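Trainee: One structure follows; several queries about it will come next.
The values are calculated or read from the model by the stated rules, or taken from the named source; none is laboratory data. Bear in mind the structure is a predicted one, so any value in this text is a computation, not a measurement. Here Cβ is always computed from backbone atoms with ideal geometry, including for glycine, and neighbour counts include all displayed protein chains.
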Amino acid sequence: MMTSQPPGSNGERSSECEYLTLAFSPISAPLRSRWRNNGLSADFLGDYVTTFLPTRGGVPAFEGRQNELKHAVTYVANELLENAMKYHQPDVEIPIKIHLELRSDHVTVSVSNGISVVQARRYQAFVENLQQGDASDLLMRQQEESAKSSESTLSCLGLLTMITDYDAQLAWRFDARPTQSDSMTVTTSAVLPLKDVLGASA
Amino acid sequence: MKNIHGESFEIRLEEKSSTVLFKGAIRLCGTEDYAPILDMLKETLINPTTPIVLDLRELEFLNSSGITMLSRFVIQARDHAGIDVQVLASEAVPWHARSLKNLQRLMPSLSIRLT
């Protein structure tokens, strides 16, 4: 399922949720040396989220489910950060931000970055295509296509696997930048349901 | 025997048994960086003993570019006549049960042993 506005992206923060935001200035180092940071940040967010899950006598209640959630947050955060690092427009002053928010029945991971208007149009075309079709079929089709060519394409396979393998609900927001008409800020959010992780009350 | 190492992973090809063992966490940056691993996998298609075994039991993390690399290999194996592929996976590693089923959709004869 998709909506056009990511939840929690309009600056409103409820006092009834836990959240964490990390920001990176992508101009400070080349892509290759920053790449390692994606995995470190994603692992940290995965670990961090488990802090807020219930324990019994010091050990996690529902340990298997919590391990699943930790991995899901890590996977989703890593994919969103990788995309942001790859497609970020290098000459804009917008930092890459990753935001994690924990609510009673879901976790949201969202990443924002600056992209060129040309890249934003391609991304919007992908979103429209996804909203009209089935993510699972699209994933199969893109995997078959990628097997025929050795070149990297804007296939968004990472986003598709979040939907097909992790039940993520994705949402997008594209904001124009008044001072730089050739770039936009894009925010991609993934909402992961909290099933049987918080105990009987959730 | 051939090896590919990274900061957080190790991959080993055992030619005699057509087995490729993966360990650790792999998060390389796209198709180009995964090319040496895909080439190693494709070596099993030259003189295969069947089945070709992908042992992923100790592969704790693989990003979507890595999953795409596996799917490319599986599509190539499917398009060779008479090749069987077996994937060894672990119930303790969350992404295995979630993502490996997609490989089976690409190659219905592929078997997954989840232990």
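Trainee: Would you check if there is a residue in the stretch B:43-54 being within 14 Å of another protein chain (Cβ to nearest Cβ) and not polar (S, T, N, Q)?
Mentor: Yes, the stretch B:43-54 contains a residue that is within 14 Å of another protein chain (Cβ to nearest Cβ) and not polar (S, T, N, Q).
Trainee: Then there's this: Yes or no: the stretch B:46-68 includes at least one residue that is at pLDDT below 95 and of a type in the set (A, V, I, L, M, F, W, C).
Mentor: yes
Trainee: Moving on to the next point. Would you say residue B:35 is surrounded by fewer than 20 Cβ atoms within 10 Å (Cβ to Cβ) and either away from chain A (no Cβ under 14 Å) or in contact (Cβ under 8 Å) with a residue 24 or more places away in the chain (or both)?
Mentor: In short, no.
Trainee: Return the total of residues in the stretch A:86-103 being acidic (Asp, Glu) and under 18 Å from residue A:50 (Cβ atoms).
Mentor: 1
Trainee: So which residues in the stretch A:63-80 are out of contact with any helix residue (DSSP H, G or I) (no Cβ under 7 Å at 6 or more places or on another chain), at pLDDT below 95 and either under 22 Å from residue A:19 (Cβ atoms) or hydroxyl-bearing (Ser, Thr, Tyr) (or both)?
Mentor: Matches in the stretch A:63-80: A:65 only.
Trainee: On to the next question. Just to check your reading of the model, which residue among A:194, A:154 is at pLDDT below 90, within 20 Å of the chain's Cα centre (by Cα) and away from chain B (no Cβ under 14 Å)?
Mentor: Only one candidate qualifies: A:194.
Trainee: Looking at B:89, B:25, B:97, B:77, which one is among the small types (Gly, Ala, Ser), farther than 21 Å from residue A:145 by Cα and within 12 Å of the chain's Cα centre (by Cα)?
Mentor: Testing whether each residue is among the small types (Gly, Ala, Ser), farther than 21 Å from residue A:145 by Cα and within 12 Å of the chain's Cα centre (by Cα) leaves just B:89.
Trainee: Could you please find all residues in the stretch B:35-67 being assigned to a helix (DSSP H, G or I) and of a type outside the set (A, V, I, L, M, F, W, C)?
Mentor: Those that are assigned to a helix (DSSP H, G or I) and of a type outside the set (A, V, I, L, M, F, W, C): B:36, B:39, B:42, B:43, B:64, B:65, B:66.
Trainee: Restrict the check to the stretch B:90-102 and report whether at least one residue is closer than 19 Å to residue A:161 by Cα, among the small types (Gly, Ala, Ser) and modelled with pLDDT of 95 or more.
Mentor: Yes: the stretch B:90-102 contains one or more residues that are closer than 19 Å to residue A:161 by Cα, among the small types (Gly, Ala, Ser) and modelled with pLDDT of 95 or more.
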